[in-house]
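Just below is one structure, and these are the notes that go with it.
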Amino acid sequence: MKKMNRRQFGKSVAAAAATAYAGTAMQHLAFGQPEPMALRYPKGFLWGCATAAYQVEGGAQADGRGPSVWDTFSHTPGKTYHGETGDVADDSYHLYKEDIGLLKALGVSTYRMSISWSRVFPSGTTPLNPKGLDYYNRVIDELLANNITPYVTLFHWDLPQALPGGWRNRDTSKAFSDYAGFVAKKLSDRVQHFMTTNEFVCFTDLGYRYGQFAPGLRLGDAEANQVRHHGILAHGLGVQAIRANTPKETQVGLAENAVVYVPVMETKEHIEAAEKATREDNAPFLTALMEGKYIESYLQQVGANAPKVEPGDMEAIASPLDFVGLNIYTPTYVRADDSAKGYAVEPNPSSYPHMYSPWLTLGPECIYWGVRNVCDLWKPKGIYITENGTSSDDVLSPEGRVEDVDRVMYLRNHLTHLHRAVDEGYPVKGYFLWSLMDNFEWADGYSKRFGIHYVDFKTLKRTPKLSAEWYRNVIAQNRVE
Ligand code: PNW
């Protein structure tokens, strides 16, 4: 027999596989069976996209908006990639109707957006800037006119600069709840879903302990732990204020990026290790909210640097929630071991595959385990995936196309694993893709694109990427394609 070279061999295998596949597809048709690979989602499952105010709005000084810590930080030399800022971003402040048009074309039923606190209250507290509030009224009315349900995050990191001491100051938690209660009251005739805060670790530790995010401080452990406490206290007081100011149907939750522990193998001991790690390593944040206390292992770990807790704090922090929103991007692998803790976190080898952002390692089973660990531990009433998506080295071709096959791969695999969670009965109600369009990616400036629409930051032109076309199909078919 004539020897085949590698390429020919590959071709003949592919041809054989294609024939076999066509055969199965025909059999399925003939026997009236469901199509192969159809990972159908339940009827009523919500598909959406997410953005955040400072990342998309621009209009930094429009109509009386006050500066936030991200305005100050991004304008400080050396803090963001090439000194980039959110001054203009996607200019959604002016182009919001076009953006809602993009949502409409995708066919999403929901949109997760956030409110810029300093647009509504330029100094963080009264007086109100009515024009700032008007903007959100216009956006929400436009969404509703297009049959898109708004999900509103009240705090996505853009703290009013004017609040003395920022999150170091306990008064900021109270200021947040006043603002949250006020805005929720104004919007609750049209908005039924509110999230208090987004990702505690990013606006506390990254801002105040590691200095990578606004306000760029490197405090010692005692102060940084106190900042964490003020963050979760703001959430708790915020939940109470929203409930006190809105009708009883209003649904309140948050969006949190709990560390997702994936067992190295699906055996009982490693699964238990993943659950234990989830509880202990999220102790300052989600665990405190769900259990109403700082658990023993955390208190031991922080010792004399434990946060100061006032009477009533933990009750507020543990205010019952209607849903928990999880922002899920990347896995952390864990295994059971004989140590006192009972588990060991596996660092990813440097050869591990990752997406365009170095922190975003690829392990799509994380979306399943993120849901499962949280649900098995704390049985929340409902779960949303409030963010999932990826950066990619997108290039706009001369013909105006962006073939982001890597993002499609990332999303397809995550939705496949999320389907498993839904199938096993975990109460996942919806999924928000991060993000509707490329935007200001915090300290990475505009160098990392997470959108399914490409944005030319010179002309502000939006162009759907391949991933937008793919997501439109997922939504239309209500299944992973
Ligand atoms: C989230 N990390 O942030 C935020 O909620 C979004 O505003 C952001 O654009 C998106 O994810 C993509 O980054 C994160 O370093 C930022 O592990 C950094 C990390 C995780 C989440």
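The values are calculated or read from the model by the stated rules, or taken from the named source; none is laboratory data. Note that the coordinates shown come from a computational prediction; the quantities given were computed from them, not determined experimentally. Ideal geometry is used to build each Cβ from the backbone, glycine not excepted, and the neighbour counts take in all protein chains shown. Side chains are part of the model used for accessible areas, which takes the heavy atoms of the whole protein and leaves out ligands, DNA and RNA. Shrake-Rupley method; radii C 1.70, N 1.55, O 1.52, S 1.80 Å.
Out of Y426, Y446, which single residue is part of a loop (DSSP other than H, G, I, E, B), in the same structural domain as I100 (by TED's automatic domain parsing), open to solvent by 30 Å² or more (accessible area, probe 1.4 Å) and within 15 Å of the ligand (Cβ to nearest atom)? Show your work before the answer.
Numbers: Y426 fails: within 15 Å of the ligand (Cβ to nearest atom).
Step by step, each of Y426, Y446 is checked, and only Y446 is part of a loop (DSSP other than H, G, I, E, B), in the same structural domain as I100 (by TED's automatic domain parsing), open to solvent by 30 Å² or more (accessible area, probe 1.4 Å) and within 15 Å of the ligand (Cβ to nearest atom).
Of the set (1) farther than 30 Å from K276 by Cβ; (2) among the β-branched types (V, I, T); (3) open to solvent by less than 30 Å² (accessible area, probe 1.4 Å), all apply to T386 but (1).
Taken over region 235-259, residues that are within 30 Å of T361 (Cβ to Cβ) and charged (D, E, K, R) amount to 1. Looking across V455, V402, one residue alone is within 16 Å of the ligand (Cβ to nearest atom) and in contact with a Lys or Arg (Cβ under 6 Å, 6 or more places away or on another chain). It is V455.
Okay, residues lined up against (1) free of Cβ contacts under 8 Å to residues at least 12 places away in the same chain; (2) surrounded by fewer than 24 Cβ atoms within 10 Å (Cβ to Cβ); (3) part of a strand (DSSP E or B); (4) not acidic (D, E):
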{"site": "E399", "(1), (2), (3), (4)": "yes, yes, no, no"}
{"site": "E403", "(1), (2), (3), (4)": "no, yes, no, no"}
{"site": "L418", "(1), (2), (3), (4)": "no, no, no, yes"}
{"site": "Y431", "(1), (2), (3), (4)": "no, no, yes, yes"}
{"site": "N439", "(1), (2), (3), (4)": "no, no, no, yes"}
{"site": "K458", "(1), (2), (3), (4)": "yes, yes, no, yes"}
{"site": "W470", "(1), (2), (3), (4)": "no, yes, no, yes"}
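Quick check: anything in region 117-137 within 16 Å of the ligand (Cβ to nearest atom) and closer than 30 Å to A476 by Cβ?
First pass over region 117-137, keeping only residues within 16 Å of the ligand (Cβ to nearest atom): 117.
Cutting the leftovers down to closer than 30 Å to A476 by Cβ gives us none.
No: region 117-137 contains no residue that is within 16 Å of the ligand (Cβ to nearest atom) and closer than 30 Å to A476 by Cβ.
Only one entry of L106, L154, L95 meets the criterion of being surrounded by fewer than 22 Cβ atoms within 10 Å (Cβ to Cβ) and among the aliphatic types (A, V, I, L, M), and that entry is L95. Summed over region 184-212, the residues that are open to solvent by less than 30 Å² (accessible area, probe 1.4 Å) and not polar (S, T, N, Q) give a count of 14. Of the residues screened, Y333 is one that is within 15 Å of A274 (Cβ to Cβ), within 16 Å of the ligand (Cβ to nearest atom), in the same structural domain as E269 (by TED's automatic domain parsing) and not in a helix (DSSP H, G or I).
Let's see how each residue does on (1) open to solvent by less than 10 Å² (accessible area, probe 1.4 Å); (2) assigned by TED's automatic domain parsing to the domain that holds Y446; (3) at pLDDT 95 or above; (4) within 24 Å of the chain's Cα centre (by Cα):
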{"residue": "G66", "(1), (2), (3), (4)": "yes, yes, yes, no"}
{"residue": "D91", "(1), (2), (3), (4)": "no, yes, yes, yes"}
{"residue": "S118", "(1), (2), (3), (4)": "yes, yes, yes, yes"}
{"residue": "P127", "(1), (2), (3), (4)": "no, yes, yes, no"}
